[in-house]
Amino acid sequence: MRNIKFLLILLLLGIRYGPVSAQQKSSRWQFHSLNNVGLLEAQAGSAFQLQTVNGVQHKSWFAGAGVGLDFYRYRTIPLFIDLRKEFGKTANKLFVYTDLGRNFSWVTDKEKSLYVADDQFSHGLYADIGLGYKIAVGKSQAFLLSLGYSYKNLSESYATIYYYPGLPSFTGNPEQMESAGNRISYSLIRLSIKMGWQF
């Protein structure tokens, strides 16, 4: 009889303090790696994107640094800070996220416009904001789905050279060509659909 009472007391204590200890454990700082593959959609068509984000989570907040590949119109490498907030008390959670950073051009030869002089691409702003859903798989991993809007900016400089038949070709140095050049700025807003894995 005493053993049964003792077991009942332990069971009640476990029910009473078990969720508290689990909550305390979940409130610790935890390292996570988020790896996404996605689709970018806008007026210029569709393109793939790849991302990896590594950072720490405390309770429902996550902060990390990310890098990726963005193949929309011009290939670029976004380098950014990722912030996100989770909602809900269950293992599966809604979340909102925002990314902000720098967009580095890595343009292929096929993507460059056909001017007489070589094109020069400069870097610009990168941003992404959206919401998603996290589906828990086990204790420390999760499947991620998200939908948002992504923005990237880069600019293109090129030299305009006029050629008239019968005249000698232009032999100026690159600095003169740059000073006589033109500049185009690209501001690209895309729908971003991503799925990924968190561990």
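Each reported figure results from applying straightforward, stated rules to the coordinates on display, with no laboratory input. On a predicted model such as this, the values are computed, not experimentally measured, just so you know. Glycine gets a Cβ as well: all are built from the backbone with ideal geometry, and neighbour counts include every protein chain shown.
In this simple spin-label model, placing a label point 7 Å from the Cα along the Cα-to-Cβ direction at both PHE199 and LEU100 gives a separation of 3.2 nm.
Fewest-first ordering of ASP119, ASP109 by other beta carbons within 10 Å of each residue's beta carbon gives ASP109, ASP119.
Estimated at 0.36 nm per residue, the fully extended path between ARG75 and LEU145 surpasses their Cα-Cα distance by 22.8 nm.
Close lysine pairs were tallied over region 26-134: pairs 8 or more places apart or on different chains with Cα atoms under 13 Å apart number 7.
What FRET efficiency would be calculated for the residue pair HIS58, LYS112, taking the C-beta separation as r and a Förster radius of 35 Å, to the nearest 0.05? Computed FRET efficiency for HIS58 and LYS112 comes out at 0.20.
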